[in-house]
1. Calculate, in nm to one decimal, what residue 81 and residue 46 gain on full extension: separation in residues at 0.36 nm each, minus their alpha carbon distance.
2. Ignoring solvent entirely, what values of log10 I(q)/I(0) come out of the Debye formula for the chain at 0.10, 0.20 Å⁻¹ when each Cα is a single scatterer?
3. For the pair residue 28/residue 7, report the inter-label distance in nm, with labels modelled 7 Å from Cα in the Cβ direction.
4. Quick check: at a probe of 1.4 Å, how many percent of the accessible area of the chain sits on carbon and sulfur atoms?
5. Quick check for me: using +1 on Lys/Arg Cβ and -1 on Asp/Glu Cβ, what's the dipole size of the chain about its Cα centre, in debye to the nearest 20?
6. Which lysines, on any chain, are close to residue 43 with Cα under 21 Å apart, when same-chain ones fewer than 8 places away are left out?
Amino acid sequence: QVQLVESGGGLAQPGGSLRLSCAASGITFRLNHMGWYRQAPGKEREWVASISSGGVTNYVDSVRGRFTISRDNAKNTLYLQMYSLKPDDTAVYYCHGPSLGTYWGKGTLVTVSS
């Protein structure tokens, strides 16, 4: 069965950095287009970044230049390296892929605060 387990969240100061991981199982990870999404308190979930099976990346304007999405197909793991964090980056972060339909993991909470 499909399982996505996000980790790496926590408390960071403005300007700080965090690295999120998403361990995938039950799918042929290397063939899947994958992305990171986030949901801030009181807001709808939004797309943050994506990476194709071939490694092509895209970012929402608000994180471009600060976040880097990557994947390790040998480890079935998706990453999101976040630098220059801002309070507006506070949210629960999820990984997901279009082929996964309505399945979502539990996410990992990122809090950016001084």
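1. Contour length minus Cα-Cα distance gives 10.9 nm.
2. After summing over all Cα pairs, the log10 values are -0.26, -1.03.
3. 2.7
4. Solvent-exposed carbon and sulfur of the chain make up 48 percent of the total.
5. Numbers: 11 positive and 7 negative charges, 33 e Å.
Once rounded to the nearest 20, the dipole reads 160 debye.
6. Residue 43 reaches 86, 106.
The values are calculated or read from the model by the stated rules, or taken from the named source; none is laboratory data. Only a predicted model underlies this, so the values are computations on that prediction, with no experimental measurement involved. Here Cβ is always computed from backbone atoms with ideal geometry, including for glycine, and neighbour counts include all displayed protein chains. When the accessible area is computed, the model is the full protein with side chains, heavy atoms only, and any ligands, DNA or RNA have been set aside. Shrake-Rupley method; radii C 1.70, N 1.55, O 1.52, S 1.80 Å.
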